[in-house]
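Every read-out reported here was derived from the displayed coordinates using simple, explicitly stated rules and does not represent laboratory data. In this text, all values refer to a predicted model and were calculated from it rather than measured experimentally. Here the Cβ positions follow ideal geometry from the backbone for every residue, glycine too, while neighbour counts run over all protein chains shown.
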Amino acid sequence: MSKLHLFLTLIPLLPFLCTSFSPENPSSRRVLVLFDDLALKSSHSLYFKSLQSRGFELDFKLSDDPKIGLQRYGQYLYDGLILFCPTTERFGGSIDLTAILDFVDSGHDLIVAADTNASDLIREISTECGVDFDEDPAALVTDHTKYAVSETDGDHTLLAGDDFIESNVILGSKKIEAPVLFQGIGHSLSPTNNLVLKVLSASPSAYSANPNSKLSNPPSLTGSAISLVSILQARNNARILISGSLSMFSNRFFRSGVRKAGSPTKYEKSGNEQFLTELSKWVFHERGHLKAVNVQHHKAGEANEPAMYRINDDLEYSVEIFEWSGRSWEPFVADDVQVQFYMMSPYVLKTLSTDKKGHYFTAFKVPDVYGVFQFKLEYQRLGYTSLSLSKQIPVRPYRHNEYERFIPAAYPYYGAAFSMMAGFFMFTAVHLFNK
Amino acid sequence: MARNLVGSLVLVLAISLCEAASIFQPISESHRSAALELFTPADGSFGSLEETYEALRTFGILGIQKKPDIGTGSCQSVSETLESSSSTTKDLFFALKVNSILECKIDEAIFQDITSRLKAVVNDGNSLLDFYYSISSLVLIKDQNSRVDVLLGDADGIFRSIKALSQSDGRWRYSSSNPESSTYAAGLALEALAGVISLASSEIDHSLIVTLKNDIVKLFDSIEKYDDGSFYFDEKLVDAREHHGPLSTTSAVIRGLTAFASVTSGTINLSGNKILGLAKFFLGIGIPGNSKDFFNQIDSLACLESNRVSVPLILSLPATVLSLTKKDQLKVKVDTVLGSSAPPLTVKLMQAFISGSKDSSVIETQELRFDPENAVHLLDVLPKSVDVGNYIFVFEIVLHDSVDKKVYTTGGQTQVPLFVTGVIKTDNAEIAVLDSDLGSIETQKKLDLAGETSVSLSANHLQKLRLSFQLTTPRGKFFKPHQVFLKLRHETEVEHIFVVGNSGKQFEIILDFLGLVEKFFYLSGQYDIQLTVGDAVMENSILRAVGHVELDLPEAPEKAPHPPARPVDPYSRYGPKAEITHIFRAPEKRPPKELSLAFLGLTLLPFVGFLIGLLHIGVNLKNFPTSAVPVTFAILFHLGIAAVLLLYALFWLKWDLFTTLKTLGFLGAFLMFVGHRTLSHLASTSAKLKSA
């Protein structure tokens, strides 16, 4: 009875609990964390603590808990999902592969950590995201040249990765100095999926194979084609992080020092904490989420938007772009925002000038081709959510009375006509009254 | 009894010998720094007395000196809790726990008061938690103030009523009304019962203690095991009010067990292996991330460190990667779980075998030399028979003192995986292009795999490429690394990887390009050759660009496979596009204005000529009517014509067609009329003339 009562009071709150990242209400976000062993909650607590300190409500559940579910009554209960359950063959409750894909398709974020002996389910989820893990279940990424020197771990499967993607928006503006420790399985990116990106790649000497069996055939994954950590930003701006190692999120790796083989510098602390925290900021839209507002265009010297332009008009276009910083919308500063004046193909493509306060503007002349044009702002940059604005506007030709009159080149014609008329007038008089 | 125990222990370990081994390190400095990080007081105090106790106890066990100063604030809340009559037994329990560490000044009267309250709870308690908190509190009061009478009169009765909650499998229920049994509760019950024994005014019935010992043995039958040899307890029921994870459950059982063992005489028949396994469980979790888990880990290890059942000794190796080239020494440390030194003992290296193979031991049993300065056991030089490779070394701890054998558990033989690494020498590396049919050598080049030289070769599809080299270990044996790849990379980044096989004593690969043309997608051009040789035990793994080979392959037939699509470079895909500006239609070319004006003049010339012509032929207007009416019509007619011409000019200048036509209509009718009158007048005058 009391449960029912509680439930009834919660119903009106549901719409607030279960939105994906929306520009209107971006804060207060709930994340479901699924484990296959509850001990992970403690052994990976630094990672969770960094999320909680940034205002995320984490809901820790065992992956086979029969009560878990992503949505109830058609509403999503969570904004993000963290799968730290590499060996789970089936989820409990109503969660399955399709439920997770629907969750992502509705714009929610996902973090998947696989590990050796990753289950088919986790592999399938990854495959749907354009990430193919090594099919050999016992394979580990091994690197005999760029491994992390350890007194106790001698099989060179503990990698010191420092081949990061070059993107400040994904990894933060502060450079990651220390290498990132990685121990797990490698994956390759599907060449047909161009949304998925390698964030951390293996070094050219790496390969993915079972360290305990002799190699007779070349391994399917070698060299820097191996991706250790990948991200994907779907077309609906849902973001996904896929890592081949669960232990890279652990407190042990966060705290551990690292020295790369062949390099004399020893770092007191591995780059894992910085790397994964910055990545989680990206995944949960605390960085790189853009919104464009206040799109305006008008004729030069006017203020109101016309219903139609004439060819050869001078026009001004402006837009304001903001980036979500985790707490508020900050002006977005870039110098490569471009607008297109588009009909079947761009007639004008111009880079917008900016006042560094989020206001972008430009001016250009309407082409001398008439038809239905669009102002198109397609902003797709590495790591940022894509902005796609388009506004339709017709362009008409000159009206008949808008052409130039009294062209000097036509003076002989005018002269001829008028002298003819004058001649005619005189001729009528002379013809009629001459005697 | 103890001898039996050791005997069975050795037997169990001999069986478990073939399992995967892993090393556990005792508590070290990293735990101390983590403790200071985890237990940081906010505003000079921890949240509750429970947290305060956990922090203080952890600092105490780890021997942290520069702990945060929380003494005065905590003492105040301790005395407030103790004085308040509304505090629950749980509050009192934690207040007393904090007080046992801080030793605040508390009046004896307060103790008296609490004691009587607690005794009342004990006597009519029916839930396990009531018993646990009140009895434990009484034990704490007994330690803190010897003058207060805390002894329980009816200890046997209390013992029985707690015991009544136990289940047949060694677990306990929280209360008689709750049928679900819990392992965590068993731990609490054991601690409470230990408290009853220590508080008993008279000796507890011996048979009760014997049954309880059997219960403990039964409880330990439900222990669970990880593959690495660590043991733990887990709560079976998940739906309990408060779910306890394996860590807190195991911790509760250990606290109960050690408390019980410290107050009873005689041994509890528990395998030392399980105690060691429990210690391994706590060490195996590393550094927990939350303070509760951290406290449970450290507190349980402290309980194990000084327990009366058997104290586990942990054998650990500071380094398990030993370099043959650098002549690393094999070092073994034996410590208690908290890292304090062990009693006098000898570590014996029993066996060593190559991992993965079931061959016999490569070395003979030998004792390690003890270095008292660093408290490590050393093997100065690895035996000659140990070459590079992965080994499993088997150690055994032999305690010197026979009394120690009863106190400590060593786990018998311990297996440790070891990596013996070394610098591998490469010899006779050469690369050659062979003619296919004859096998004769076309070009042959020596390679220095350590150096920086690069070769350039050329071959066609009828030839072969041969690469060969030898690898030898520091002990002069032939070495087979795990990773020996030859990679050919075309200019278009199409890669082909080959595993270099070994035949007897040397690595050799022969690439017959005739058979490979299809695999190479008929792509002629320059291929970079890269050789990768690596192994876990090879200190100088090679990743080297050997050079390049210029391949001349035949033209691709029509149905040849195409090279796979290359992934798009993300940096170029997302870059800004090139700007596009519209090219406007150029305005038509026009003549200069002067030319137009000149032609305007030319067009006016005929008019001028016309006027001159008129004057020349001497035109006159003599035929103009003279009478009034025809004059009017003639003037109107010509005005009408002028108006039509003006209308044309107006049409040209500003009017549109409709206005013009409308006006023209009126003007036309008017002109028709006046024209007709004028013309008929002119016709009549000319007719008169003719007739005249």
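Values as computed for the structure displayed
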read-out	value
Antiparallel content of DSSP bridges confined to the protein assembly as shown, in %, to 5	80 percent
The protein assembly as shown: calculated mean residue ellipticity at 222 nm from DSSP helix runs of at least 4, using -39500 (n - 2.57)	-10500 deg cm²/dmol
Cβ neighbours within 10 Å from other chains - mean over A:361-374	1
On Cα atoms only, tilt of B:246-263 relative to the major axis of chain B in degrees	20 degrees
For the stretch B:530-597: Kirkwood Rh in Å [reciprocal of mean 1/r, alpha carbons]	21.1 Å
Reachable lysines from A:Lys41, criterion Cα separation under 18 angstrom, eight or more residues apart if same chain	A:Lys49, A:Lys61, B:Lys292
A:Val293 versus A:Ser50: modelled label distance in nm, points set 7 Å from Cα along the beta carbon direction	3.1 nm
Environment charge of A:Arg287, counting only residues whose C-beta is closer than 9 Å and scoring Lys/Arg +1, Asp/Glu -1	-2
Backbone N under 11 Å from the B:Asn620 label point (7 Å along Cα→Cβ), restricted to the stretch A:394-435	A:434-435
Efficiency of FRET from Cβ geometry, A:Asp37 and B:Val217, R₀ 25 Å, rounded to 0.05	0.35
A:Ala422 paired with B:Glu367, simple spin-label distance in nm, labels 7 Å along Cα-to-beta-carbon	14.1 nm
Spatially proximal lysines relative to B:Lys327 (Cα-Cα < 24 Å; intrachain offsets below 8 disregarded)	A:Lys146, A:Lys260, A:Lys266, B:Lys348, B:Lys384, B:Lys425, B:Lys477, B:Lys480
DSSP H segments from chain A that extend 24 Å or more along their own axis, Cα-based, with Kyte-Doolittle mean of -0.5 or above	A:411-433
Backbone HN-Hα couplings from phi across the stretch B:311-319 [Karplus 6.51/-1.76/1.60, Hz, Gly and Pro as x]	8, x, 10, 10, 9, 9, 10, x, 9
Cβ-based exposure ranking for B:Glu452, B:Glu235, A:Glu128, A:Glu135, in which fewest neighbours within 10 Å come first	B:Glu452, A:Glu135, A:Glu128, B:Glu235
The protein assembly as shown: proportion of alpha-carbon pairs further apart than 47 angstrom, %	54 percent
Local electrostatic count at A:Leu81 - Lys and Arg +1, Asp and Glu -1, tallied over other residues with Cβ under 11 Å	-1
Inter-probe distance in nm under a simple model that places probes 7 Å from Cα toward Cβ, at A:Lys269 and B:Thr660	8.8 nm
Residue-by-residue Karplus 3J(HN,Hα) for the stretch A:33-40, coefficients 6.51, -1.76, 1.60, Hz, glycine and proline x	10, 10, 10, 9, 8, 5, 4, 4
Bridge type composition, chain A - antiparallel percent by DSSP, nearest 5	75 percent
Karplus-derived HN-Hα couplings along the stretch A:205-211 (A = 6.51, B = -1.76, C = 1.60, θ = phi - 60°), whole Hz, x at Gly and Pro	8, 7, 8, 10, 7, 6, x
Positive minus negative residues near B:Ile583 (Lys, Arg vs Asp, Glu; Cβ under 12 Å)	+1
At 1.002 mPa s and 20 °C, Stokes diffusion of chain B via Kirkwood alpha-carbon radius, µm² per second	60 µm²/s
The stretch B:589-684: radius of gyration and largest Cα-Cα distance (Dmax), Å	18.5, 59
Theoretical gain in end-to-end length, B:Ile354 to B:Asp143 [0.36 nm per residue, Cα-Cα removed]	70.4 nm
Burial ranking of peptide ranges A:371-381, A:106-116 (average Cβ count within 10 Å, highest at the top)	A:106-116, A:371-381
Candidate lysines for bridging to B:Lys445, where Cα separation is under 17 Å - those fewer than 8 sequence places away on the same chain excluded	B:Lys464
Degrees, to the nearest 10: B:29-38 long Cα axis against longest axis of chain B	60 degrees
Between 0 and 90°, nearest 10: helix B:272-284 axis offset from chain B longest Cα axis	30 degrees
Test item: B:626-639 mean partner chain Cβ contacts at 10 Å	1
Ranking of A:Trp282, A:Trp329 by count of other Cβ atoms within 10 Å, fewest first	A:Trp329, A:Trp282
Listed peptides B:387-397, B:594-604, B:575-585, B:23-33 by packing density, highest first (mean Cβ within 10 Å)	B:387-397, B:23-33, B:594-604, B:575-585
Proxy reagent accessibility, fewest Cβ within 10 Å first, across B:Asp91, B:Asp154	B:Asp154, B:Asp91
Antiparallel bridges, percent of DSSP beta bridges restricted to the stretch A:29-284 (to nearest 5)	60 percent
